[in-house]
Amino acid sequence: VGAWKNGVQLSDEMTGPLVISKGMAFALTLDQQLHGISVATGKERWLVHLKGTVLKQEPVMAGDYIYVANGSNVTCVVPQNGSIKWGQFMPCDASAPLMAFADNLYMFGTDRTMYTLDLRTGRMKNAKPPKLNTDVLAKPVIEGSTMFVTGTSGLVYGLDLEKNAAINWSYRIYWNARINWTSRTSRHGGSLWTHWTPWTTRRKRFARKHW
C-alpha cells in the first residue's frame, strides 16, 4: 500500500473510524456523506449523500456491501461505485451503530426496539421486534452467536442471535438507578468489559462479566 503523501481532504469531521475492505476505505462524515477512497492511491472515488443524521454512526461492511444507518433510514451501498442497492425506511432513528451477523442486519432504535433486516433486501424480518428496558447508545459486541448490549440505565444484555435475538441473560450495574450512563463495550480473555461514564458527573467505572 502506497503512502498518502497529502492525506485525504474530507467534507467534514468523521463520525468514527475508517472501514477498510476490498481495496477501499470508507469514511462517514457529520455532513451525512459517505466517502469511498482508494487504499492504493488515497484518491476519493465516489461520494454518497445520505438522507438522515449520521451522528454516532459508522459504516458496516458485511458480505459484498456496506451498510449505514442515517436517521430513520438504513442504506445499502455498493462499495465499488457508491451506487445504492437498497434503502429501508425505519419506524424511528438508529440510536447505535448497526451490527451484522449471518444474513441479518441489526438496528437498535430510539424507541428501544431491536430491528432485524435481511442483508440482501433490507426487509424487516421480525413482525414483533423485541424491546429492551433501556436506551442503547454504545456499539454492541458480538462473540460467537451472542450479542452483548449495554444501555443507559446500567443494564447489560446477552442476546442469542441464533434464537431470534432472545435474551439469554441480563445484568444490572447497581450504582445509582437515577443516573443515565454512557458506555463502551469490549471483550478480552473470555470476559466482557464495559466502561461506564455517568452523564452528570463524568466519573468512570468498570465492570466485568464472564460468559
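Numbers for the structure displayed
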quantity	calculated
In segment 139-158, the residues that are open to solvent by 10 Å² or more (accessible area, probe 1.4 Å) and either under 14 Å from the mean Cα position of the chain (by Cα) or among the charged types (D, E, K, R) (or both)	Lys139, Val141, Ile142, Glu143
Number of the condition not met by Thr134 [criteria: (1) closer than 25 Å to Tyr65 by Cβ; (2) open to solvent by less than 20 Å² (accessible area, probe 1.4 Å); (3) β-branched (Val, Ile, Thr); (4) in a loop (DSSP other than H, G, I, E, B)]	(1)
Residue within segment 88-103 that is over 25 Å from Ala27 (Cα atoms) and either open to solvent by less than 30 Å² (accessible area, probe 1.4 Å) or outside any strand (DSSP E or B) (or both) present	yes
Output for segment 137-168, where each listed residue is outside any strand (DSSP E or B) and in contact with a helix residue (DSSP H, G or I) (Cβ under 7 Å, 6 or more places away or on another chain)	Ser145
Single residue of Lys22, Lys56 found to be farther than 20 Å from Ile84 by Cα and charged (D, E, K, R)	Lys56
Strands (runs of 3 or more DSSP E) contained entirely in segment 1-87, each with at least 3 residues that are open to solvent by 10 Å² or more (accessible area, probe 1.4 Å) and modelled with pLDDT of 95 or more	44-49, 60-62
Segment 107-136, residues that are modelled with pLDDT under 90 and closer than 17 Å to Pro91 by Cα	Asn126, Ala127, Lys128, Pro129, Pro130, Lys131, Leu132, Asp135, Val136
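The values are calculated or read from the model by the stated rules, or taken from the named source; none is laboratory data. Here the structure is a predicted model, which is why all the values come from computation and not from measurement. Ideal geometry is used to build each Cβ from the backbone, glycine not excepted, and the neighbour counts take in all protein chains shown. The area values use the complete protein model at the heavy-atom level, side chains included, leaving out ligands, DNA and RNA. Shrake-Rupley method; radii C 1.70, N 1.55, O 1.52, S 1.80 Å.
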